Amino acid sequence: MAAELAVGKLAPSFDLPDSRDGSVSLASLAGHKIVLYFYPKDDTSGCTREALDFNERRPQFEACGARVIGVSPDSIVSHEKFKKKYSLDLTLLSDESKTMLRRYGVWTEKSMYGRKYMGVERTTVLIGADGMVLKVWNKVKPAGHADEVLAAARTL
């Protein structure tokens, strides 16, 4: 993880496109808790499971004052197809330049079958209404993760 992404530190700023809202920035979300979940690719099994779980619990996140936002390097067009296919009502931000992914330390070298490549390490960050990092989950496994994040959002 990037040194700047530590509990108790100010979350790195961002301003990324979202087709529904035009663009979303950390500053525009001030006053709300934010659940930023970073995922590798739209419409893959783990990413779909994670999105469906966060989407299903979205009203509970909102009830405790938290906004759920997914971030991947996929395009807005890809996000819109993904949202439509699974009836997702989540904000999904596109970071095709990988600027935010790098700032949050989630664009990392990965390895599969002995082949090394760059990709998104599935990570979730809970940011307080004041912009401070409250909790970080690294190398997330999608099953049950949304419940764990919801429990933290309710108590932190």
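The values are calculated or read from the model by the stated rules, or taken from the named source; none is laboratory data. Because the structure is predicted, anything quoted here is derived from the model rather than measured. Cβ: placed from backbone, ideal geometry, glycine included. Neighbour counts: every protein chain shown.
Per-structure values
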read-out	value
Enumeration of residues in the range 108-156 that are polar (S, T, N, Q) and closer than 24 Å to Ala27 by Cβ	Thr123, Thr124
Some residue of the range 34-48 being more than 23 Å from Ala143 (Cβ to Cβ), among the hydroxyl-bearing types (Ser, Thr, Tyr) and not in a helix (DSSP H, G or I)	no
Residue within the range 61-77 that is under 16 Å from Leu150 (Cα atoms), loosely packed, with under 15 Cβ neighbours inside 10 Å and free of Cβ contacts under 8 Å to residues at least 60 places away in the same chain present	yes
Test: Pro59 is assigned to a helix (DSSP H, G or I) and either touching a helix residue (DSSP H, G or I) at 6+ places or on another chain (Cβ under 7 Å) or under 26 Å from Ala152 (Cα atoms) (or both)	yes
Matching residues, the range 95-109, being of a type in the set (Phe, Trp, Tyr) and within 18 Å of Met132 (Cα to Cα)	Tyr104
Any pair with Cβ under 8 angstrom, 6 or more apart, that starts in the range 106-118 at a residue that is β-branched (Val, Ile, Thr) and ends at one that is part of a strand (DSSP E or B)	Val106/Phe38; Val106/Val120; Val106/Thr123; Thr108/Met118; Thr108/Gly119; Thr108/Val120
Residue check, Ser19 surrounded by fewer than 18 Cβ atoms within 10 Å (Cβ to Cβ), modelled with pLDDT under 95 and touching an Asp or Glu at 6+ places or on another chain (Cβ under 7 Å)	yes
Cβ-Cβ under 7 Å pairs, at least 6 apart or on other chains, the range 81-95 side under 23 Å from Gln60 (Cα atoms), far side surrounded by 14 or more Cβ atoms within 10 Å (Cβ to Cβ) and of a type in the set (Val, Ile, Thr)	Tyr86/Thr48; Leu90/Val68; Thr91/Val24; Thr91/Ile69; Leu93/Val24; Leu93/Ile69; Leu93/Val71
Of all residues in the range 119-134 being touching a strand residue (DSSP E or B) at 6+ places or on another chain (Cβ under 6 Å), at negative phi and not in a strand (DSSP E or B), the one that is surrounded by the fewest Cβ atoms within 10 Å (Cβ to Cβ)	Ala129
Unique residue being at positive phi, in contact with an Asp or Glu (Cβ under 8 Å, 6 or more places away or on another chain) and surrounded by fewer than 19 Cβ atoms within 10 Å (Cβ to Cβ) when the list is Lys116, Lys139, Lys81	Lys139
